[in-house]
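Nothing in this text is a laboratory measurement; each read-out follows from the coordinates by a stated rule. These numbers come from a predicted model, not from an experiment. Backbone-built Cβ (ideal geometry, glycine too); neighbour counts: all protein chains shown.
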Amino acid sequence: MSPTFPTVRLRRLRQHPVIRDLIRETELNLGDLVHAIFIKEDKGEKNPISSMPGHYKIPLSKLDEEIEEIVGLGIKSIILFGIPDTKDKNGSNSFNDDGIIQKALHKIRTIAPDLFVITDVCLCQYTDHGHCGPLCDKHGRLDVHNDQTLDILSKQALSHVKAGSQMIAPSGMIDGMISVLRKTLDDAGFSHIPILSYSVKYWSAMYGPFGLAAEGAAKVGDRRTYQMDPANGNEAFREAELDVLEGADILMVKPAHTYLDIIYRIKQAHPHIPLCAYHTSGEFCMIKAASEKGWIDEKRAALEVLTSIKRAGADFIINYYTKEVARWMQEDSA
Ligand code: PBG
Ligand code: ZN
């Protein structure tokens, strides 16, 4: 009798669903997914976001329905993005206690106290020029004014947390950001609030659809000066290490699909620190558009990509497929 190799044996045994589950290494759960939503001031109807089918700019007046749907689907956590009515050069609406995110937080925490709410802390949706902080001239080049930005971000973070945010996610990659925000929260009696740092954020074309949705794309210059070069991997470790030293509770890699190597390496380097990956708007709409054309099986493609991001080392994933995953899981278990 010829010997059977173990891999061949396992491949055959996997036909048995129990063994398949026993030896499966990665399992995608709804609990691993953070649903991203866009909220606008109270005007009219939900506006469909054309670059992100299935996603809307939700007015405060329709937020109740939206949150009910989210909770009904079994989704456990969300991250909020605000689209303010007015913008200025300093993004001062971001720390208005009566601002869009703050009002949304009060509402959500009342209607759905068990839903975990994360807020993105950054100024690019609130500045009229679309950069992540007030601008200045640095040696003849347009750049974000670091210290002024830190000051405004502190106010924004504090105002989010006071309104009920349970975790802040600063996304600007501003130098010294994590330590300043940590100190701000601690000094104000919010030492229990964790910081999810967008530690490794690449200067990526994948944020395009989000930029259209949130009206946050830079109108002059670009964000190269404070986001990472997609060609560099080793640099990611210095960024992550700094954030750890500064007190980040959770690290993030963004985007996800084209940066699986970075996710893997950051997890290896910091195995004891939870790692989040951001499957961004561009990554979402690539699957979405191809499936609308009938060129790809949406469910299989989306679940494959999200599972791969976990397999690479992410503990959880911020993404735009959470609602669909919830529905697919309900279908599968029905
Ligand atoms: C910044 C922020 C952005 C995203 C999340 N937080 C915009 C950007 O970095 O340009 C983008 C996420 C996506 O494309 O899905 N507030
Ligand atoms: Zn920003």
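What the table below lists for this structure:
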| read-out | value |
| --- | --- |
| Net charge, Ile287 excluded, C-beta distance under 15 Å - Lys, Arg +1, Asp, Glu -1 | -1 |
| Residues whose placed amide H lies under 5 Å from that of Ser77, excluding near-sequence neighbours | His35, Phe116 |
| Integer Hz, Karplus 6.51/-1.76/1.60 couplings in order for the stretch 165-174, x for Gly and Pro | 5, 9, 7, 9, 10, x, 10, x, 6, 8 |
| Exceeding the 26 Å Cα-Cα cut-off - candidates Lys107/Lys201; Lys62/Lys89; Lys40/Lys155; Lys107/Lys310; Lys57/Lys299 | Lys107/Lys201; Lys62/Lys89; Lys107/Lys310 |
| Residue-wise HN-Hα coupling along the stretch 230-239, computed from phi with Karplus coefficients 6.51, -1.76, 1.60 (Hz; x: Gly, Pro) | x, 7, 10, x, 5, 4, 4, 5, 5, 4 |
| Dipole moment magnitude, nearest 20 debye, the stretch 30-333 about Cα centre, only Lys, Arg, Asp, Glu C-beta charged | 280 |
| Relative contact order computed over the stretch 32-158 (Cα-Cα under 8 Å; 6+ residues apart), in percent | 24 |
| Charge tally in the Cβ shell below 14 Å around Ala301, where Lys, Arg are +1 and Asp, Glu are -1, Ala301 excluded | -2 |
| Largest-first principal axis extents, alpha carbons of the stretch 30-333, Å | 54, 44, 38 |
| Nonlocal amide H pairs with Ser199, under 5 Å, H built at 1.01 Å | Met252 |
| Phi-based couplings in Hz for the stretch 126-139 (Karplus 6.51, -1.76, 1.60; Gly and Pro marked x) | 10, 9, 6, 9, x, 8, 7, x, x, 9, 8, 9, 10, 6 |
| Within the chain, percent of DSSP bridges classed antiparallel, to nearest 5 | 15 |
| Long-range amide H partners of Asp88 with built H, under 5 Å | Asn93, Asp128 |
| Low-density loop cleavage sites - trypsin sites (Lys or Arg not before Pro) in the stretch 288-327, where at most 12 other Cβ are within 10 Å (DSSP) | Lys293 |
| Local electrostatic count, His192, Cβ distance below 11 Å [Lys/Arg +1, Asp/Glu -1] | -2 |
| Residues Lys103, Lys201, sorted so that the one with the fewest Cβ neighbours within 10 Å comes first | Lys103, Lys201 |
| Relative contact order of the stretch 169-267, pairs being alpha-carbon contacts under 8 Å that are 6 or more residues apart, as % | 38 |
| The chain - percent relative contact order, Cα under 8 Å, separation 6 or more | 17 |
| Theoretical FRET efficiency, 1/(1+(r/R0)^6), r = Cβ-Cβ of Asp332 and Thr26, R0 22 Å, to 0.05 | 0.85 |
| Relative packing of peptides 237-250, 11-24 - highest average C-beta neighbours within 10 Å first | 237-250, 11-24 |
